[in-house]
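The values are calculated or read from the model by the stated rules, or taken from the named source; none is laboratory data. Here the structure is a predicted model, which is why all the values come from computation and not from measurement. Cβ placement follows ideal geometry from the backbone for every residue including glycine, while neighbour counts extend to all protein chains displayed.
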Amino acid sequence: MSRISKPTAILIAIIALGAFLRFYRIDQIPPGLRFDEAFNLIDILALLQGQFAIFFPANNGREPLFNYLSIVATTIFGAQPIALRVTAALIGTATILLMYGFARALFSPSLAKRGRDGLGVLAAFLLSISVWHVYYSRYGLRVILALALTILTLWWVWNGLQRKDTRDFVLAGIFAALTAYTYLSGRLLPLVLIALTLAALALDRANARAYIRGLVITGIVAFILFVPLGAYFVAHPDDFLAHGTSLSIFDARVNKGDLMGTLGNNLTKVAGMFFIRGDFEDFRNVPDRPVFDPMIGALFVVGVILLLRDLLAPKTDRVARLRAILIMVALVTFLASSALSDDPPNFTRTLPALSVLMILPAWGAAAIWERVRATSARQIAAGAFAVIALASTALDIIKNRDKMYA
């Protein structure tokens, strides 16, 4: 057998770390049973009795895919919280690998193999230790699957725009449809795909026909697969509209007669979630913990600067600018789901934003890495980064252990 390459060995170690953080004492932490999980278990029991459904209307309505995937674990463990949580932890651990592949693909036209491997590894590492992602990987909620499918959709759309291969657009359509069967955020993905295609058209008019063809293929495949759920929504329009509209800031019960004031307040809270104050609910976050600690937050700022550079610099090449547009559009779209609804910053509604969010600090770290030329200095820097990042996450968890899953 050939020797395992260094990036592969590091990636395996990262996935093992991520699995440990997601599975360790999963039968005890979080304690108890959330009402959302209870509804899921009731519906899974009905599925096991042959009462199949395309949508579950109880508890404000839930898309079906996560429940169907949880049938296997429920058969093994019984109708217990651990069945849902093991399913979520498996999906969360697999998402670390998807993050590696997606980040690597995004930068493959711009970086040499070693560079894109390194950036992919960094993005996977940051997701593996993200308290936000670990939280949702230990709850039996369907949104954890939405993140994985969002990454897959964006990954294959990006591949299609670069290679103009029909198979890539077909796969993008499949994953986009599956996302719609998972969580409300799946309804936002078409906006991202349309905006990205329009950007590709503006940047490369010579291949306009290929881009339009790709969007049409993606849309047709997604539409065909969405037909069963769509037919249900046509017959039950309230199940499609009621929950989302009742949470919207355009509802007078939410904006209290001050739409612009509510919007401004929400935008401030969503902007502050990265460094100042995150989600305050203990079942969605360590209460008030921001997304980033100071170290990773500094790398995130560097990544944002690089993003703005590629967006605005007149000499930016087409691929780099399109990549920056993808990251920006996806990030803004998924953050808007909280900015335009009640209870911001809501870490459940914005979880799909992690599909591109963790790429930014990885990008920043990779750029700094390239500035460090000496091999010995790079090794010291890599070791220091890993130790500090792990220590920061560990200390944060220890400091907030009484708040977590209270």
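The rows are residues; the columns are (1) closer than 25 Å to ILE71 by Cβ; (2) charged (D, E, K, R); (3) over 14 Å from the mean Cα position of the chain (by Cα).
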residue	(1), (2), (3)
PHE102	no, no, no
PHE107	no, no, yes
LEU119	no, no, yes
LEU154	no, no, no
LEU161	no, no, yes
TYR181	yes, no, yes
GLY186	yes, no, no
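Going through (1) in contact with a Leu (Cβ under 9 Å, 6 or more places away or on another chain); (2) surrounded by 14 or more Cβ atoms within 10 Å (Cβ to Cβ); (3) over 22 Å from ASP117 (Cα atoms) one by one, LEU11 falls short only on (3). The residue pairs whose first member lies in the stretch 310-323 and is closer than 15 Å to ARG205 by Cα, whose second member is among the polar types (S, T, N, Q) and outside any helix (DSSP H, G or I), and whose beta carbons are closer than 7 Å, counting only pairs six or more residues apart or on different chains, are VAL319/SER110.
The residues on offer are ILE4, ILE15, and the sole one that is aliphatic (A, V, I, L, M) and at pLDDT 95 or above is ILE15. Quick check, is PRO344 at pLDDT below 95, part of a loop (DSSP other than H, G, I, E, B), farther than 22 Å from PHE125 by Cβ and touching a helix residue (DSSP H, G or I) at 6+ places or on another chain (Cβ under 8 Å)? Criteria met by PRO344.
Just name the residue that is surrounded by the most Cβ atoms within 10 Å (Cβ to Cβ) out of those in the stretch 249-271 that are aliphatic (A, V, I, L, M), in a helix (DSSP H, G or I) and touching a helix residue (DSSP H, G or I) at 6+ places or on another chain (Cβ under 8 Å).
So the residue we want is VAL270.
Residues that are free of Cβ contacts under 8 Å to residues at least 40 places away in the same chain number at least 2 in the following helices (runs of 4 or more DSSP H) confined to the stretch 1-74: 6-23, 35-48.
THR268 falls short on exactly one of the conditions (1) within 30 Å of PRO57 (Cβ to Cβ); (2) at pLDDT 95 or above, and that condition is (1).
Within the stretch 350-376, the set of residues being modelled with pLDDT under 95 and not in a helix (DSSP H, G or I) comprises VAL372, ARG373, ALA374.
Conditions tested, residue by residue: (1) of a type outside the set (A, V, I, L, M, F, W, C); (2) at pLDDT below 95; (3) part of a helix (DSSP H, G or I); (4) closer than 28 Å to GLU63 by Cα.
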site: ALA88; (1), (2), (3), (4): no, no, yes, yes
site: THR93; (1), (2), (3), (4): yes, no, yes, yes
site: MET99; (1), (2), (3), (4): no, no, yes, yes
site: ARG114; (1), (2), (3), (4): yes, yes, yes, no
site: GLY118; (1), (2), (3), (4): yes, yes, yes, no
site: ILE144; (1), (2), (3), (4): no, no, yes, yes
site: ILE151; (1), (2), (3), (4): no, no, yes, yes
site: GLY160; (1), (2), (3), (4): yes, no, yes, yes
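Among the residues examined, ARG104 does not qualify as more than 26 Å from LEU229 (Cα to Cα), assigned to a helix (DSSP H, G or I), touching a Ser or Thr at 6+ places or on another chain (Cβ under 7 Å) and not polar (S, T, N, Q).
Within the set VAL304, VAL319, the sole residue that is at pLDDT below 95, within 24 Å of TRP158 (Cβ to Cβ) and assigned to a helix (DSSP H, G or I) turns out to be VAL319.
Matching residues to (1) free of Cβ contacts under 8 Å to residues at least 60 places away in the same chain; (2) crowded, with 16+ Cβ neighbours inside 10 Å; (3) out of contact with any helix residue (DSSP H, G or I) (no Cβ under 6 Å at 6 or more places or on another chain):
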| position | (1), (2), (3) |
| --- | --- |
| THR179 | yes, yes, no |
| LEU189 | yes, yes, no |
| ALA208 | yes, no, no |
| LEU215 | yes, yes, no |
| THR218 | no, yes, no |
| HIS236 | no, no, yes |
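Residues that are of a type in the set (Phe, Trp, Tyr) and either surrounded by fewer than 23 Cβ atoms within 10 Å (Cβ to Cβ) or under 18 Å from LEU17 (Cβ atoms) (or both) within the stretch 58-107 comprise TYR68, PHE77, TYR100, listed in sequence order. So for the stretch 228-246 (the condition being at pLDDT 95 or above and among the charged types (D, E, K, R)), does at least one residue qualify? No, because not a single residue in the stretch 228-246 is at pLDDT 95 or above and among the charged types (D, E, K, R).
Looking only at the stretch 195-206, count every residue that is farther than 15 Å from TRP158 by Cα and touching a residue at least 24 places away in the same chain (Cβ under 8 Å) and tell me the total.
So in the stretch 195-206, the residues farther than 15 Å from TRP158 by Cα come out as 202, 205-206.
Filter again for touching a residue at least 24 places away in the same chain (Cβ under 8 Å), leaving none.
Of the residues in that region, 0 qualify.
When the residues of the stretch 57-76 are filtered to those that are out of contact with any Leu (no Cβ under 9 Å at 6 or more places or on another chain) and modelled with pLDDT of 95 or more, the one that is nearest to LEU178 (Cα to Cα) is VAL72. For LEU127, indicate whether it is modelled with pLDDT of 95 or more, assigned to a helix (DSSP H, G or I), among the hydrophobic types (A, V, I, L, M, F, W, C) and farther than 19 Å from GLY186 by Cα. Yes; evaluated as a whole, the condition is true for this residue. Answer yes or no: is there a residue in the stretch 198-214 that is within 20 Å of the chain's Cα centre (by Cα) and more than 19 Å from PHE66 (Cα to Cα). There is no residue in the stretch 198-214 that is within 20 Å of the chain's Cα centre (by Cα) and more than 19 Å from PHE66 (Cα to Cα).
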